[in-house]
Amino acid sequence: MITDTFSNLMELLTALHEISPNRFFSMLRDAANVDEFYNAALALGYAANSKELRDTYEEQVHSLSEDIRREVATLNSFFRIKLFPSSPSQKQSWENFVSRDLGGRYAFRDDGSLEISLLDAKLNDSVLHVKRVWSHVSSFGGSQTDFKIKLDADQVAELRTRLAEVRRVRSGAVLPP
């Protein structure tokens, strides 16, 4: 369950903080909700792969950073989804709607997909309203955007399931102390 990942991540971060105090400990500890926790975890995951946390010769820091990166990857797989156009006409339609928003300029990934945040998306019938995407040029927190795309029946079914899982976590998750 994803709440186990929240706890695992906090345990790893606590262990890291005891060895090498860092700003992420208070960010995750003080998160008021799942969205804040995830956003702080994104920053932590980025730092765990950069000099900010790894700029040490301490073997244990490097090991904990790797474990943190894996836990953040688990969070990403839960809170993000990659959508692939099901046809050339759907791809063209998506490109048309995405290009209308300045933040959508680089929305498509190299493989032709849109990787979106499930925390920042809404589904209304078969129309998906996207507020955050990840592309090959985005920062660790993704790019804010605002566009709507039409989905086919299979895409709608998958998205409904995934969005329902996120809603359940948002409403029932107890964040680690």
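Would you mind finding the one in SER86, SER126, SER113 that is in contact with a helix residue (DSSP H, G or I) (Cβ under 9 Å, 6 or more places away or on another chain), free of Cβ contacts under 8 Å to residues at least 60 places away in the same chain, farther than 22 Å from ALA48 by Cβ and of a type in the set (S, T, N, Q)? Give the steps one after another, and end with the answer.
Working: SER86 fails: free of Cβ contacts under 8 Å to residues at least 60 places away in the same chain; SER113 fails: in contact with a helix residue (DSSP H, G or I) (Cβ under 9 Å, 6 or more places away or on another chain).
Being in contact with a helix residue (DSSP H, G or I) (Cβ under 9 Å, 6 or more places away or on another chain), free of Cβ contacts under 8 Å to residues at least 60 places away in the same chain, farther than 22 Å from ALA48 by Cβ and of a type in the set (S, T, N, Q) holds for just one of SER86, SER126, SER113, which is SER126.
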Residues satisfying the stated conditions in region 50-81, i.e. surrounded by 13 or more Cβ atoms within 10 Å (Cβ to Cβ), closer than 29 Å to LEU163 by Cα and of a type in the set (S, T, N, Q): THR74, ASN76
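Anything in region 162-171 that is out of contact with any helix residue (DSSP H, G or I) (no Cβ under 7 Å at 6 or more places or on another chain) and either free of Cβ contacts under 8 Å to residues at least 60 places away in the same chain or open to solvent by 80 Å² or more (accessible area, probe 1.4 Å) (or both)? List them, or say none. Please lay out each step first, then the result.
From region 162-171, those out of contact with any helix residue (DSSP H, G or I) (no Cβ under 7 Å at 6 or more places or on another chain) are 164-165, 167-168, 171; that's our starting set.
The answer is ALA164, ARG167, ARG168, SER171.
From LEU123, LEU119, LEU159, which residue is among the aliphatic types (A, V, I, L, M), open to solvent by less than 40 Å² (accessible area, probe 1.4 Å), outside the structural domain of GLY45 (by the TED database) and out of contact with any Phe, Trp or Tyr (no Cβ under 6 Å at 6 or more places or on another chain)?
LEU159
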SER135 being surrounded by 15 or more Cβ atoms within 10 Å (Cβ to Cβ) and closer than 30 Å to LEU44 by Cα: yes
Top-ranked residue of region 82-116 - restricted to ones that are within 14 Å of the chain's Cα centre (by Cα) and open to solvent by 10 Å² or more (accessible area, probe 1.4 Å), ranked as farthest from ASP35 (Cα to Cα): LYS82
Where ALA32 falls short, out of the listed (1) assigned to a helix (DSSP H, G or I); (2) among the aliphatic types (A, V, I, L, M); (3) open to solvent by 60 Å² or more (accessible area, probe 1.4 Å): (1)
Complete set of residues in region 139-156 that are open to solvent by less than 20 Å² (accessible area, probe 1.4 Å) and farther than 22 Å from ASN76 by Cβ: VAL156
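The values are calculated or read from the model by the stated rules, or taken from the named source; none is laboratory data. For clarity, every value in this text was computed on a predicted model and none was experimentally measured. With ideal geometry, Cβ positions are generated from the backbone for all residues, glycine too; neighbour counts draw on all protein chains shown. Remember, those area values only see protein heavy atoms, side chains included, never the ligands or the DNA or RNA. Shrake-Rupley method; radii C 1.70, N 1.55, O 1.52, S 1.80 Å.
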